[in-house]
Structures are given as C-alpha cells and as structure tokens.
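Written out below as structure tokens is the structure these notes cover.
The values are calculated or read from the model by the stated rules, or taken from the named source; none is laboratory data. Note that the structure is a prediction, hence the values are computed from the model and not measured. Ideal geometry is used to build each Cβ from the backbone, glycine not excepted, and the neighbour counts take in all protein chains shown.
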Amino acid sequence: MQTHTPAKLIPTDFTPVPSLAWLRDLEVAAVDETDPTLHAVGFVFADQGDAPDELGLDRAALRRAGFTGKAGDTLLLPQPSGPALVAVGAGPVAGLSPALLRDVAAAFSRATSSFERVGLRLMDVGDVDPVEAAQAVAEGLVLARYRYRALRAEHKEPVLTRAELSIAGAAAEALRAGVARASATVRAAAVGRDLANTPPGHLTAQNLGEVAVDLGAAYGFEVQVSDRQELIELGCGGLLGVNAGSAEEPRMIRLTYAGGSDRKLALVGKGIMYDSGGISLKPSDPMHLLMKMDMGGAAAILGAFTALQQLGVSTTVSAWLMCTDNMPSGSAYKLGDVLTARGGKTVEVKNTDAEGRLAIMDGLVLATEWEPDAIIDVATLTGAALMALGTLTAALFSNDAGLAERVEAASAETNEQLWQLPLERSYRKQLDSDIADISNLGGPYAGATTAALFLDEFVAEVPWAHIDIAGTMQSATDDSWRSAGATGYGARLLTRLAESF
Ligand code: BES
Ligand code: MN
Ligand code: ZN
C-alpha cells in the first residue's frame, strides 16, 4: 500500500469538537425567577385554562394573533423594554411527556434563535417527573441551538450563552439534577454531531483516534488505538480489506469505561470516514457529501462515552470503533476478493460499497471474545433503511427479544425513534457464496435485513442488537431538537441504555 499524506490545507487552529467550548461557556440554570436582563422569556402552558398573567394578554387575544396553544406553537411578543415574551403551547396537559417537553423547548429555542440569553418557564408539567422534565427541556433548548461552527467565522444566528428554566411547583433540587443530567447527554449528542459534520479531509481515522484519546482523558474512559500493523496481528481482514484502497491508515479505536458492576455492554460502531463506494464507485451526486457522515455510528458511541462517568453509570461498557475510509485506487479491494474476518470466516466481496458490514464484522467478533452480556452495533449501514423508514426512525434488528425491548425503552425515553424489523433468517441464503463462507451482498430486496443477517453471522450466541442509522444520521432541515446536518442520533440513546442496563 502506498502511504503518503495528501496535501491538505487545514487551519492550524482547527478544532474537531468545537461544541465542547460552546457547552463549557454556556450556562444553563434552574431558577425560581427568570433574570429580567434576558433577551427573551418563554411561558409554556397547556391549551386549557388561562394564559399566564405575565404575558399581559388573555387567551382570546393570543388566539386572534394566531396562537393556537398546540404543542410547539409559539408567538413572540416584543416589549417596549425588557425581554421579549413568548407564548409557547404545550397542548393538552394529559399529553405531556418528557419527549413532548423536549420538542416544545426546541420550538421555543428556534423561535428565539436570534437571542443569546433566554429563559423558559413551564407553568405545569402535569404528571411528568420534574427531574425528567428539566432534563428534557434543557436538552431541547440547547440541542436546537446547535450549529457546526468549526469552519466559518460568521453565523446568521448568535451563539446561545445562557438559558434559564423554571418549572412551577418543582423543587429547585430536582430541576438542578435534571439540568446536570442534560449537560452530559447534550455533550454526548453534540460530540456525535461535531464529528459527523466534520469534512472528511479534516477527520481521518487517525485523527479520530487522536480525538478519542483526548476525550477519554477528559471524560473518564480508557482509549486504546490499534494501527494497521496491530490490525494485521489481530486478523481484522474486513477493516483492512476496506482500507486497502486508501492513502490513510485504518484505526480500530477501543474505548473502555469501567463502571464498577460486572454487567458488560459491548458497542461496535461503523467508522467509515468517507464512503466513496470503492471500486463499486457511487455515481457522482451532491447527496454523497453525506458520506462524510458514514462514521456516524462510531461518532455516536464516542459521544455517549463522554457522558458515562458524569452520569455515574455502573455498567462496564467497551466499544470497538472500526475506522477507515472506503476509496478506489490501484491498491483497493476488488469485486471477487475474499477477505478473512477475525476468527477465520471468509467473505467474498461482491460489492465494495457494502463495506460497512465488512469493517464491523471484525469488531463484532472482538466484542464476542470479551464475553459481554450484550452487543449493540450502530451503523449507517444501508440505503434500504433510509428508504423504508425515512430520516426520523432507525431500523432495529435483534436476535434477542429482551434486549430489543431494552433498546426500545431507551429509545422512547430519548425520543431517538427506531422500529424493529424482522431478522428473517430464510433470506440468509441470499448471502451464499460459491467460494467463501458468506458473501457481502444480498438480493435486490430487504437490503437492511440482509445486511443485518450478515452481521448476525459474527455475534455467535451473544444477545445482539443492530441499529441501522443510515436514515437518522442527518436531517436536511432544522426539525425540533435535530439541527440541520448530523443529528448525533444514538448518542443519547446509548447513554440511556448503558445507564439502565
Ligand atoms: N454508507 C452506505 C449506506 C448509506 C446510504 C448511509 C445512504 C447513509 C445514507 C453503505 O455503505 C452503502 O453503500 N450501502 C449500500 C449497500 C449495497 C451495496 C448492498 C446501499 O445501501 O446501497
Ligand atoms: Mn457503502
Ligand atoms: Zn457506508
């Protein structure tokens, strides 16, 4: 393999995770009374009963101005002096949930995106636990103001520097606890977003290894980075095969968080730094700039690790991030090549664009050798998952009903939606190869399922769940707490799962 450093002019002060500085400087405070020097203060209230007196307008007047009171509806009322006031609908009290409050807070955050200092007062959260309510509101407020700011000096909107929140009738202690939890979960998602938004030339597999080492030192987890030579020694023929055409070295990034309990959770992430398709080259299409996000699974896992210690997670969590780009060149792997996975299984390559499953198969085998209680892999694996479920819902596959239920429960709490699809084993024969144990390409239908069936071959009997985030890794537009670009999908879900495992 030819190794050279391609000429890249990257600013010397380039920071791969710019959100860390933003979040460090951002004050999110639980308060009783919002500060009168804020730029905007929102009032969240249900669609029945009186509007809050502070707004100075009754429900009829608000309605005449177009405010319906539905969840997420907002109406900004400029004031002659002091903060702008914002009516924020919560819909019916009976419909309140942390997920809805997160959406409502995000709607307020977007309505006030031209302000640096904002406050949000919730008049009634019904039966929602105040800690959960405060966490969800803080997440919605902050995640909706996320922007990838590493590469331009000027932005249309100012940076959010202070957010205050209060919930009528809730103990200050509970609010503070919720806000503290949100500071960890928001960081998890923002780290995932920053890394996935970073252009491929600014973040190679080697760079990601360096970022992981820094994050591990800052947030309390161990990081071990394996280079090409070590991957050869480990027998990771899948990751090495995908890497063969690249001018950049591959990296396997092993993360370990020692939670103290003997419950062991293994995570495996697809870390394709850029997916050109390789010799099965993708046609030129602006859509393919999204392939810089083909490491969204690895990014979400790394993000989640930055939250574990702060949340006091007791589970022991270990991750294998399988990182390389997928490039065509004279040294690239070819259609017809046979790769040998760690553990000895042989794989005939029928399409070099089905590279994700090859990169992570070695990680799955290494994860099983660790003898965990469960393995979860997160991967931007198939266009078929995007076609089937769109950008709001990830595809879940599992060989274990109990584990699938746990993943679904975590997903419901973080509102990172997913839907379980059947692991239809009768389709396994589509992966048969004439010359190897298995091929990397299924038939024309059920592409997300045949990809999952491929992975299933490498997890032995360990309870395993596979989350295909090809659809949910990015959002074309600002939508609730998802800001346009990489969504960080999975970071909060995995954090929650590790916590409840
Ligand atoms: N990274 C892509 C999947 C993807 C597509 C992610 C769209 C995000 C948005 C993956 O490596 C890929 O190319 N999959 C192929 C598999 C096929 C060749 C069997 C696909 O889905 O077309
Ligand atoms: Mn591909
Ligand atoms: Zn890919």
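Only residues that are within 25 Å of residue 308 (Cβ to Cβ) and out of contact with any helix residue (DSSP H, G or I) (no Cβ under 6 Å at 6 or more places or on another chain) were counted across segment 161-194, and they come to 5.
May I ask you to verify whether residue 280 is within 13 Å of ligand 1 (Cβ to nearest atom), of a type in the set (S, T, N, Q), surrounded by fewer than 24 Cβ atoms within 10 Å (Cβ to Cβ) and in a loop (DSSP other than H, G, I, E, B)? Spelling it out, residue 280 is indeed within 13 Å of ligand 1 (Cβ to nearest atom), of a type in the set (S, T, N, Q), surrounded by fewer than 24 Cβ atoms within 10 Å (Cβ to Cβ) and in a loop (DSSP other than H, G, I, E, B). Of all the residues in segment 342-363, those that are of a type in the set (D, E, K, R) and either near ligand 2 (Cβ under 9 Å from one of its atoms) or in a loop (DSSP other than H, G, I, E, B) (or both) number 5.
Each row is one residue, and each column tells you yes or no for (1) crowded, with 24+ Cβ neighbours inside 10 Å; (2) within 16 Å of ligand 1 (Cβ to nearest atom); (3) not assigned by TED's automatic domain parsing to the domain that holds residue 102.
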residue: 167; (1), (2), (3): yes, no, no
residue: 189; (1), (2), (3): yes, no, yes
residue: 206; (1), (2), (3): no, no, yes
residue: 234; (1), (2), (3): no, no, yes
residue: 243; (1), (2), (3): yes, yes, yes
residue: 249; (1), (2), (3): no, no, yes
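Scanning segment 77-108 for residues that are closer than 21 Å to residue 65 by Cβ and among the polar types (S, T, N, Q), we see that the one that is farthest from the chain's Cα centre (by Cα) is 81. Can you find a residue that is outside any strand (DSSP E or B), away from ligand 1 (no atom under 15 Å from the Cβ), assigned by TED's automatic domain parsing to the domain that holds residue 232 and among the small types (Gly, Ala, Ser) anywhere in segment 365-384? Within segment 365-384, one or more residues are outside any strand (DSSP E or B), away from ligand 1 (no atom under 15 Å from the Cβ), assigned by TED's automatic domain parsing to the domain that holds residue 232 and among the small types (Gly, Ala, Ser). Restricting attention to segment 361-391, the residues that are more than 14 Å from ligand 3 (Cβ to nearest atom) and either of a type outside the set (D, E, K, R) or surrounded by fewer than 24 Cβ atoms within 10 Å (Cβ to Cβ) (or both) total 19. Residues that are farther than 18 Å from residue 191 by Cα, surrounded by fewer than 24 Cβ atoms within 10 Å (Cβ to Cβ), more than 23 Å from the chain's Cα centre (by Cα) and within 12 Å of ligand 3 (Cβ to nearest atom) occur in segment 340-360; there is at least one. Would you check if residue 495 is more than 16 Å from ligand 2 (Cβ to nearest atom), at pLDDT 95 or above, in the same structural domain as residue 264 (by TED's automatic domain parsing) and assigned to a helix (DSSP H, G or I)? Criteria met by residue 495.
Consider segment 420-435 and keep the residues that are charged (D, E, K, R), more than 29 Å from the chain's Cα centre (by Cα) and part of a loop (DSSP other than H, G, I, E, B). The one that is farthest from residue 471 (Cα to Cα) is 434.
Which one is surrounded by the fewest Cβ atoms within 10 Å (Cβ to Cβ), of the residues in segment 436-476 that are outside any strand (DSSP E or B) and among the polar types (S, T, N, Q)?
Step by step, filter segment 436-476, then rank; the result is 450.
In segment 298-310, is there at least one residue being assigned by TED's automatic domain parsing to the domain that holds residue 357, surrounded by fewer than 24 Cβ atoms within 10 Å (Cβ to Cβ), more than 10 Å from ligand 1 (Cβ to nearest atom) and not in a strand (DSSP E or B)? Yes, some residue in segment 298-310 is assigned by TED's automatic domain parsing to the domain that holds residue 357, surrounded by fewer than 24 Cβ atoms within 10 Å (Cβ to Cβ), more than 10 Å from ligand 1 (Cβ to nearest atom) and not in a strand (DSSP E or B).
Of all residue pairs spaced 6 or more apart or on separate chains, none has beta-carbon atoms under 6 Å together with a first member in segment 266-281 that is closer than 17 Å to residue 293 by Cα and not assigned by TED's automatic domain parsing to the domain that holds residue 463 and a second member that is of a type in the set (S, T, N, Q) and within 12 Å of ligand 3 (Cβ to nearest atom).
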